[in-house]
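Take a look at the structure set out below.
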Amino acid sequence: MEKRYYSYQMIHRLAQSIAGNVKKSGFEPDVIVAIGSGGFIPARILRTYLKKPILAVGIAYYDIDDRPMDYPRKVQWIEEAEKQLSGKRILLVDEVDDSRVTLEYCTTELLTYRPAALAVAVLHNKQKEKRGAFPQGVSHVFVGEELGDVWIVYPWDALDIDAHDAHAEQGGNIAL
Ligand code: G4P
Ligand code: MG
């Protein structure tokens, strides 16, 4: 599978362009909800532009004994989520919309808290057949960049960040 390397610089620019599109859309979030762990850094950069607090949730495909599961489960969730999120406009953030299963799970859970509005932001959407779907209550999906079914290599996974950046400069460049 083709690999695409992204530097922190490229990620930051993508987040800036997402924030610009959020502002243009008229969707004004009260709170950012980051899906860990891939959504943590994108959510933090979005906060720089949108200036809203971040709550974090953890979702995993592995149980506590590291055994794989068929579907995502909560490993960490917002305390008193109902109280904090009901009536709020939520921007849910993750790094990539791949199968959409995690995003379907998280949006469906958040909608049970009766937010005033719910939108999703991802750095990357892979244009492929999706196993999950966004429920009716999701008003906007903001995408930094549309991709095919490639493997995205994020800078926070790099063991050697300088070698990673060299790859990103060679092939991973994108016009914004
Ligand atoms: P989705 O609903 O957002 O589409 O996510 P999905 O459950 O399909 O994704 C399963 C895991 O695979 C997620 O990580 C997701 O970030 C990761 N993933 C999917 N495609 C890529 C890719 O091209 N590159 C990288 N680096 N990761 C990808 P996770 O289990 O949530 O782990 P975490 O890394 O976010 O902690
Ligand atoms: Mg993830």
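Here, each number is a calculation from the coordinates, and none is a lab measurement. Since this is a predicted model, take the numbers as computed values, not measurements. Cβ placement follows ideal geometry from the backbone for every residue including glycine, while neighbour counts extend to all protein chains displayed.
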Nearest-ten-degree value, helix 8-25 long axis tilted from longest Cα axis of the chain: 40 degrees
Once normalised by the length of the chain, the mean sequence separation of its alpha carbon contacts under 8 Å that are 6 or more apart gives a contact order in percent of 28 percent
Taking 22 Å as R0, compute the FRET efficiency from the Cβ-Cβ separation of Asp66 and Leu111 and round it to 0.05. 0.15
Report the normalised scattering of the chain as log10 I(q)/I(0) at q = 0.10, 0.11, 0.20 Å⁻¹, calculated by the Debye formula with identical scatterers on the alpha carbons. -0.38, -0.46, -1.45
Please list, by residue number, every one of the GluC sites (Glu not before Pro) in segment 54-110 that is coil in DSSP and has at most 14 other beta-carbon atoms within 10 Å. Glu79, Glu80
Select from Ala34, Ala163, Ala15 the residue whose mean-square fluctuation is largest in a Gaussian network model of the chain (Cα-Cα springs shorter than 10 Å). Ala163
Calculated from backbone phi, Karplus (6.51, -1.76, 1.60) coupling profile of segment 43-49 in Hz, x at Gly/Pro: 5, 5, 5, 4, 4, 4, 8
What 222 nm value per residue comes from the helices of the chain, counting each DSSP H run with n ≥ 4 as -39,500 (n - 2.57) and dividing by all residues, nearest 500 deg cm²/dmol? -9500 deg cm²/dmol
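A 23 angstrom limit on the alpha carbon distance is what I want to check against. Which of Lys88/Lys130; Lys88/Lys128; Lys51/Lys83 exceed it?
Values: Lys88/Lys130 28 Å; Lys88/Lys128 32 Å; Lys51/Lys83 21 Å.
Among Lys88/Lys130; Lys88/Lys128; Lys51/Lys83, the Cα-Cα distance tops 23 Å for Lys88/Lys130; Lys88/Lys128.
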15 Å cut-off, amide nitrogen to a point 7 angstrom out along Gln16 Cα→Cβ, residues in segment 127-144: none
Enumerate by residue number the trypsin sites (Lys or Arg not before Pro) in segment 1-81 meeting two conditions: DSSP loop (anything except H, G, I, E, B), and at most 16 other Cβ atoms within 10 Å of the site's Cβ. Lys51
